[in-house]
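Colleague: A single structure is presented below for examination.
The values are calculated or read from the model by the stated rules, or taken from the named source; none is laboratory data. Because the structure is predicted, anything quoted here is derived from the model rather than measured. Cβ: placed from backbone, ideal geometry, glycine included. Neighbour counts: every protein chain shown. Surface accessibility is based on the protein's heavy atoms, side chains included, excluding ligands, DNA and RNA. Shrake-Rupley method; radii C 1.70, N 1.55, O 1.52, S 1.80 Å.
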Amino acid sequence: MDDTVWMMLVGVGGVVLWLLSFQRYRRWKAGKLADQLLQDVIKGKDAFRR
């Protein structure tokens with residue numbers, strides 16, 4: 001194969017890997033936010049009961 005084909009394959013592979021890692025990061029960040037919101041709700045309910 002020609003060098004340009006290899007460069008295109010490497011470029012496309014790099015973009016796919018970046019998109020997968022970015023999606024994984026966003027899910028991790030959203031999970032942390034959901035955990036924090038849940039803790040805030042639990043604290044709010046505890047304060048309301050007292």
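Colleague: Out of Leu17, Leu37, which single residue is modelled with pLDDT of 95 or more, within 28 Å of the chain's Cα centre (by Cα), in a helix (DSSP H, G or I) and surrounded by 10 or more Cβ atoms within 10 Å (Cβ to Cβ)?
Modeller: Leu17
Colleague: Name the single residue, out of those in region 20-34 being among the aromatic types (Phe, Trp, Tyr) and open to solvent by 100 Å² or more (accessible area, probe 1.4 Å), that is nearest to the chain's Cα centre (by Cα).
Modeller: Tyr25
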